[in-house]
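Encoded as structure tokens, the structure appears first; notes follow it.
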Amino acid sequence: VGVGISGEEGLQAVNSSDYAIAQFRFLTRLLFVHGHWSYLRNSNMILNFFYKNVIGVGVLFWFQIYCGWSTTYVFEYTYLLFWNVFWTLLPVIAMGLFDRDVDAEALMALPELYRVGREGKLFGLKRFGFYIFEGTYQSAIIFFFVNYAYFTTTARTDGFDVGQYEMSIALIFGAVHVATAFTGLNTEAWTVWVFVGLAVGPILIWAYTAIYSLIPPSTFTTGSYGNDYLVFRSALFWFGFPFVFVLALLPRYLYRTFKHSYFPSDIDIVAWIR
């Protein structure tokens with residue numbers, strides 16, 4: 001990262017730099033505040049971005065056991081297309097732009113907190129692997145519990161078997177809500193934009209399912225026609241995806257609670273005091 005000082009010698013350094021400051025004294029705030037926040041945001045954003053894709057692909061992977069490894073999608077294809085566009089994108093963007101663990105005044109008063117970034121404590125192979133493992137675990141919880149919940153004679157009152165895309169609605173709802181809440185658990189500063197980013201995905205998938213399921217086959221074939229009537233009246237749906245939501249997020253919630261209560265870092269202590 002290049003930092004240019006705009007002084008009497010000209011603007012050549014400024015024009016070639018990433019950041020320009022007017023005086024050397026601003027370098028302290030640039031490093032200890034914005035440098036610290038930038039490292040935090042980029043680390044958490046990258047980890048959560050990979051995690052949310054692992055949980056989405058993981059649900060698809062576990063279904064391969066039941067479809068003869070034929071690469072059949074368990075979701076109706078539009079739900080898969082919108083995974084990285086609408087359902088789970090905004091939370092990580094909000095985290096990457098607005099997250100902060102300690103306020104600027106504390107970071108300026110305690111330059112020792114800069115060690116977190118200098119020592120690479122927030123991003124590394126160990127932490128990355130932990131997020132990948134957690135995404136894999138959560139995808140398994142979501143798929144197998146919902147899959148076996150629907151593995152009955154029939155859950156429908158008309159006597160027909162449960163359709164694949166009817167069951168997969170509970171899967172995609174569970175995956176989207178878990179991925180969104182997981183990012184929320186890892187967010188340190190809940191600003192208005194973070195609330196908006198976390199709310200958009202769940203709201204959109206509810207609205208999309210309600211509207212998309214109304215399109216009749218006479219218009220074009222979707223494979224999801226009637227799902228709003230079938231899914232929203234099913235006890236398996238209403239008990240299934242909230243159940244996997246709690247079960248999938250419980251390890252992360254307990255870990256954060258235990259860590260902050262018994263093994264807090266310097267940043268955790270300062271943030272709690274502030």
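The values are calculated or read from the model by the stated rules, or taken from the named source; none is laboratory data. Note that the structure is a prediction, hence the values are computed from the model and not measured. Cβ coordinates were reconstructed from backbone atoms using ideal geometry, including for glycine residues, and neighbour counts include every protein chain displayed. Heavy atoms of the whole protein, side chains included, go into the accessibility calculation; ligands, DNA and RNA do not. Shrake-Rupley method; radii C 1.70, N 1.55, O 1.52, S 1.80 Å.
Taking the listed residues 97, 113, 80, the one that is touching a helix residue (DSSP H, G or I) at 6+ places or on another chain (Cβ under 8 Å) and without any contact (Cβ under 8 Å) to a residue 60 or more places away in the chain is 80, with no other qualifying.
Filtered by the rule that a residue be under 18 Å from residue 81 (Cβ atoms) and either in contact with an Asp or Glu (Cβ under 7 Å, 6 or more places away or on another chain) or open to solvent by 20 Å² or more (accessible area, probe 1.4 Å) (or both), the stretch 179-202 gives 200, 202. Modelled with pLDDT under 95, in contact with a Gly (Cβ under 9 Å, 6 or more places away or on another chain), of a type outside the set (Gly, Ala, Ser) and assigned to a helix (DSSP H, G or I): does that describe residue 113? It is false that residue 113 is modelled with pLDDT under 95, in contact with a Gly (Cβ under 9 Å, 6 or more places away or on another chain), of a type outside the set (Gly, Ala, Ser) and assigned to a helix (DSSP H, G or I). Contact map, the stretch 23-42: residues that are part of a helix (DSSP H, G or I) paired with residues that are of a type in the set (Asp, Glu), Cβ distance under 6 Å, separation 6+ or inter-chain. Pairs shown: 40/101; 41/99.
State all residues of the stretch 1-26 that are of a type in the set (A, V, I, L, M) and surrounded by 15 or more Cβ atoms within 10 Å (Cβ to Cβ); if no residue qualifies, say none. Let's see the steps before the verdict.
Pass one, the stretch 1-26, residues of a type in the set (A, V, I, L, M): 1, 3, 5, 11, 13-14, 20-22.
Those that are of a type in the set (A, V, I, L, M) and surrounded by 15 or more Cβ atoms within 10 Å (Cβ to Cβ): 3, 5, 13, 14, 20, 21.
Residues checked against (1) without any contact (Cβ under 8 Å) to a residue 60 or more places away in the chain; (2) within 26 Å of residue 195 (Cα to Cα):
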| site | (1), (2) |
| --- | --- |
| 123 | no, yes |
| 127 | no, yes |
| 133 | yes, no |
| 163 | no, no |
| 166 | no, no |
| 169 | no, yes |
| 172 | no, yes |
| 176 | no, yes |
